[in-house]
Each structure stands twice: as C-alpha cells, then as structure tokens.
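Okay, structure first, notes after.
Only the coordinates and a few stated rules stand behind these numbers; no lab work does. Because the structure is predicted, anything quoted here is derived from the model rather than measured. Cβ placement follows ideal geometry from the backbone for every residue including glycine, while neighbour counts extend to all protein chains displayed.
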Amino acid sequence: MAADSPRSNRVWTLPNVLSMARLAGVPLFLWLVLGPEEDEWALAVLMVSGITDYLDGWLARRWDQITLLGQVLDPVADRLYILAAVVGLALREVIPWWVAVLLPLRDLLMWGLVPLLRTRGYTALPVHFLGKAATFNLLYAFPLLLLGDGEGVVASLARVFGWAFTIWGIGLYWWAGVLYAWQVRRLLATTEPRRRAAQGA
C-alpha cells in the first residue's frame with residue numbers, strides 16, 4: 001500500500017472493533033492452552049477468531065469502512081494468533097520446535113523489508129493470494145493439531161489433517177514471503193527513492 005493511498009483515518013468502526021476483539025483473544029487463547037489446558041475453550045477462541053477475521057474484512061468492504069487502522073490490525077491479529085498457536089503448541093510438545101521457529105522467522109524477514117519499502121514511499125505491498133492461502137491453512141492446522149493431542153479415532157484423524165494443513169501452510173507461507181521479497185526487489189530497482197523523486201518534481 002502506498003503511503004498516500006486514500007483510506008479513512010476512523011478508529012471506531014465495527015470492523016475495527018472486531019479486529020480489536022480478535023487481538024484481545026490472543027492472550028486468552030495462550031492462557032487456556034498453557035494454564036488450565038482447556039483445549040475445548042481454546043478451540044472455541046480460535047473459531048471465534050476465524051469468524052471475526054472473515055467478518056471484519058467483509059463488513060469493511062461492504063460498508064465502505066476500510067481504514068488505515070483496520071489494514072494494520074487485521075494482519076497483525078493473524079500473525080499474533082499464528083505466533084501464539086506455535087508457541088503454545090510447542091510448549092505443550094504438540095508440535096516440534098522447528099515449526100515454532102520457521103514461521104516467526106519468515107515474519108522477521110518480512111519486517112526487515114519494511115525500511116526498504118519506506119524509502120520508496122510505501123508502508124506495505126498488496127497481500128498476495130498465496131499469503132492468504134497460507135494463513136488459511138495455518139489457522140485451520142493449529143486447531144486440528146490441538147484437537148489431535150489426545151486418544152481415539154477423532155484425535156488420530158485430526159492429527160493427520162492438522163499436519164497436512166501445517167505442511168502446506170508452512171510451504172505457502174515461505175513461498176509468499178519469497179514472492180513478496182521479489183516484489184520489493186523489483187520496486188527498489190524501478191522506483192526512485194522518495195526524497196530524490198520529491199526534489200526532482
């Protein structure tokens with residue numbers, strides 16, 4: 001998104017409130033997983049998060065309430081849920097630590113590109129559909145893996161499908177990151193630095 005892209009500066013819209021509620025659920029989810037280990041309630045929090053994730057974007061577009069704050073809150077909430085899930089499940093030994101390291105490492109590399117984008121007057125680039133697909137896979141994977149942390153046929157099936165979503169999610173997550181880095185590289189090669197462009201105007 002370009003720095004001068006026309007977006008509302010409003011804060012108190014229903015989509016933004018839904019995003020804020022999603023963010024408030026992150027520490028609740030972690031506490032449920034690591035404290036009392038109330039997995040059913042933790043799954044409920046993830047389900048509510050998934051519903052509000054869809055609703056805030058749909059309502060923002062339908063009601064023309066796309067805001068600068070909302071464009072920040074929505075992806076931040078997604079990243080924090082993924083981070084909370086991988087940390088919680090790793091501490092519970094439901095997933096190995098290499099999974100818990102790979103996902104935040106990709107985000108760390110993406111954040112490292114932000115200063116480069118700012119030199120061209122951008123705060124971010126449009127989200128690629130691969131990134132959305134990766135997030136979709138991961139947000140389905142972790143509830144299934146949590147459900148699979150038990151005995152019985154249902155738990156066994158949940159583990160199988162959970163790991164399938166996890167592997168696809170990690171692959172797509174990194175693929176989207178590589179494409180994003182390539183877009184940044186092309187932008188740097190084809191666009192003048194903002195300060196220099198302003199001087200030449």
Among THR67, THR119, THR135, residue whose mean-square fluctuation peaks in a GNM of the chain (springs only between Cα atoms under 10 Å):
THR119
Using modelled backbone amide H atoms (1.01 Å from N, in-plane), which distant-in-sequence or interchain residues come within less than 5 Å of ARG120's amide H?
ARG194
DSSP-loop chymotrypsin sites (Phe, Trp or Tyr not before Pro) across the stretch 3-76, with at most 11 other Cβ within 10 angstrom:
TRP12, TRP63
The stretch 32-94 shape via C-alpha gyration tensor axes, a/c threshold 1.5
prolate
Positive-end extreme of charge dipole, the chain - chosen from TYR173, GLY50, LEU187 (charges on Cβ):
LEU187
What percent do you get for the relative contact order of the chain when only Cα pairs under 8 Å and 6+ apart count?
23
Testing the spin-label approximation: label points 7 Å from Cα along Cα→Cβ at LEU105 and ALA21. State their distance in nm.
3.7
The FRET efficiency for LEU83 and ARG194, from their Cβ-Cβ distance with R0 = 35 Å and rounded to 0.05, is 0.65
Taking a crude spin-label model, label points 7 Å out from Cα along the C-beta direction, the LEU157 to ASN9 distance in nm is 5.3
Which value, in Å³ per residue, describes the convex hull spanned by the Cα atoms of the chain?
121
Name the residue, out of PRO36, PRO27, PRO143, whose mean-square fluctuation peaks in a Gaussian network model built on the chain with Cα pairs under 10 Å.
PRO36
Charges on Cβ only, +1 for Lys and Arg, -1 for Asp and Glu, centred on the Cα centroid of the chain; of SER8, ALA85, VAL101, which one is farthest towards the dipole's positive end?
SER8
Kindly list the residues of the stretch 76-119 that lie in the label zone of HIS128, defined by a backbone N under 15 Å from the point 7 Å along the Cα-to-C-beta vector.
106-107, 109-111, 113
About the Cα centre of the chain, how large is the charge dipole given +1 on each Lys and Arg Cβ and -1 on each Asp and Glu Cβ? Please answer in debye to the nearest 20.
1280
The chain: calculated mean residue ellipticity at 222 nm from DSSP helix runs of at least 4, using -39500 (n - 2.57)
-26000 deg cm²/dmol
Residues LEU68 and ALA181, FRET efficiency given R0 of 22 Å [Cβ-Cβ distance, rounded to 0.05]:
0.35
